[in-house]
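Asker: I have a structure I would like to understand better, so I am pasting it below and will then ask my questions one at a time.
The values are calculated or read from the model by the stated rules, or taken from the named source; none is laboratory data. Note that the coordinates shown come from a computational prediction; the quantities given were computed from them, not determined experimentally. All Cβ positions, glycine included, derive from the backbone under ideal geometry; neighbour counts span all protein chains shown.
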Amino acid sequence: MASSKVSGFYKLSVDERLKFVKEFASLTDDEVSALKAPGALSLDAADRMIENVIGTFQLPLGIAVNFLINQKDYLIPMVVEEPSVVAACSHAAKLARDGGGFFTSSTGPIMIAQIQAVNVIDPAAARLRLLEARDEILELANQKDPVLVELGGGARDIEVRVIEAECGKMVVTHLLVDVRDAMGANAVNTMAEALAPTIERITGGRVCLRILSNLADRRVARARTVVPKESLGGEEVVDGIVLAYQFAAADPYRAATHNKGVMNGVTAVVLATGNDTRAIEAGAHSYAARTGHYGPLTRWEKDKDGNLTGSIELPVAVGLIGGATKVHPVAKIAVKILGCETAGELGEVLAAVGLAQNLAALRVLATEGIQRGHMALHARNVAVTAGATGELVDKVAEAMVRAGKIRIDYARELIREMS
């Protein structure tokens, strides 16, 4: 099998990069043409995806290289507008590769539907009545999606909570549904709607909301890695990364930016594969606060040999069937490039990418600082904004970086001098 380890991938032309990806993922000529097309998503297809369509909006699709996950090579498609994200992710994957890459695991694809009952006279007793009716509730839920059941999924269990609210006590039933390779929102929402009359009959209350929860804490992916201290530049760098993590663990102001770095990678892959970025973001940040203290999604430690060990755990409500994943032509190609066969595998890839992206950010913070590399890449955007074209873009960007003056007024001055 081809390796995802690539040296100087960024130095290749776009056509050369596409040739490499085509051979790695066995893309067809038509798929390569779709990737190169300025508007791969037709207006007709866009009009079927959302309402009130007037056009399409494009973002760059890049490839993160060097990923080795469970001893399998991956190329990672990422859609993102921010400079340095793809390059940083690729570099971190290369560092992790020196220690064997990433090792991942995940739970089953369980999503939660919530059914809220209010005006319940005896909430504690109603909770027990609902638990006693578990088999009836599960049978009714599964009648709403026989195809999912046939595929090995379906409603698995219920939980019932009594919640203190401003309006008084409410009884909330959680329906736990195995959604297989779907994201699962439609399946669980349909089941929740169907259960409302039964919940009202059993509790004696009134059902209000019946909808999925995006805190998918039963659908979790995990990744870990060991990065040799030599690859990072020594034990001092390892100590710096651990201290940066500990800062995030102690302070929610730092944790917010720490987790933003994690999601730079995760969201880019979610978007590339046509999944729901808002659901993933909401789930990740609520998961980070599930203990009552908002903290980091990752954990970094030093092992007995002085090497860096990292781990991550996050909810991953993503799918490979339905939605934009099967409608958007480039999303379909992105899934093919990834080579994921199940939604669980995709979730584990997301965990590895999030860990890699966080490693990249913390390594830079612990050494030269975030601005040096980030602003060097940002300089190209500034040059283009100032009016540079062709080879002049790189010349102006390099001159700004050398001078340490990455500003649009200086870029315009350089363009005048070099033109």
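Asker: Which helices (runs of 4 or more DSSP H) sit wholly inside region 207-275 and have at least 2 residues that are without any contact (Cβ under 8 Å) to a residue 40 or more places away in the chain?
Answerer: In region 207-275, the matching helices (runs of 4 or more DSSP H) lie at 235-250, 252-272.
Asker: Looking only at region 129-182, which residues are part of a helix (DSSP H, G or I) and touching a strand residue (DSSP E or B) at 6+ places or on another chain (Cβ under 8 Å)?
Answerer: L130, L131, R134, I137, L138, A141, N142, L148
Asker: Here's another thing I want to ask about it. Of all residues in region 1-41, which are buried (at least 16 other Cβ atoms within 10 Å of the Cβ), without any contact (Cβ under 8 Å) to a residue 60 or more places away in the chain and touching a Ser or Thr at 6+ places or on another chain (Cβ under 9 Å)?
Answerer: K22
Asker: Could you give every pair whose Cβ atoms fall below 9 Å, whose first residue belongs to region 148-166 and is farther than 12 Å from I112 by Cα and in the same structural domain as N186 (by TED's automatic domain parsing), and whose second residue is in a strand (DSSP E or B) and among the charged types (D, E, K, R), counting only separations of at least 6 or pairs across chains?
Answerer: Once the first residue is farther than 12 Å from I112 by Cα and in the same structural domain as N186 (by TED's automatic domain parsing) and sits in region 148-166, its partners that are in a strand (DSSP E or B) and among the charged types (D, E, K, R) give L148/D178; G152/D178; G153/D178; V162/K169; I163/K169.
Asker: Look at T385 and say whether it is polar (S, T, N, Q) and crowded, with 20+ Cβ neighbours inside 10 Å.
Answerer: When the stated conditions are applied, T385 does not pass them.
Asker: Yes or no: Y287 assigned to a loop (DSSP other than H, G, I, E, B), assigned by TED's automatic domain parsing to the domain that holds A34 and either of a type in the set (S, T, Y) or free of Cβ contacts under 8 Å to residues at least 12 places away in the same chain (or both)?
Answerer: Answer is no for this residue.
Asker: May I ask you to list the residues in region 96-118 that are within 16 Å of K72 (Cα to Cα) and touching a strand residue (DSSP E or B) at 6+ places or on another chain (Cβ under 6 Å)?
Answerer: Selection gives A96, R97, G99, G101, F102, F103, T104, S105.
Asker: For residues that are among the small types (G, A, S) and either loosely packed, with under 14 Cβ neighbours inside 10 Å or not assigned by TED's automatic domain parsing to the domain that holds A87 (or both), tally how many sit in region 47-77.
Answerer: So the count comes out to 1.
Asker: Can you tell me which of R402, R363, R380 is surrounded by fewer than 18 Cβ atoms within 10 Å (Cβ to Cβ) and either at pLDDT below 95 or closer than 30 Å to V238 by Cβ (or both)?
Answerer: Exactly one residue qualifies, and that residue is R402.
Asker: Within region 191-199, can one find any residue that is of a type outside the set (K, R) and assigned to a loop (DSSP other than H, G, I, E, B)?
Answerer: No: region 191-199 contains no residue that is of a type outside the set (K, R) and assigned to a loop (DSSP other than H, G, I, E, B).
Asker: Further question on the same structure: Could you list, in sequence order, the residues of region 133-146 that are over 14 Å from H174 (Cα atoms) and in contact with a helix residue (DSSP H, G or I) (Cβ under 9 Å, 6 or more places away or on another chain)?
Answerer: Answer for region 133-146, where residues must be over 14 Å from H174 (Cα atoms) and in contact with a helix residue (DSSP H, G or I) (Cβ under 9 Å, 6 or more places away or on another chain): E136, L140, N142, Q143, K144, D145.
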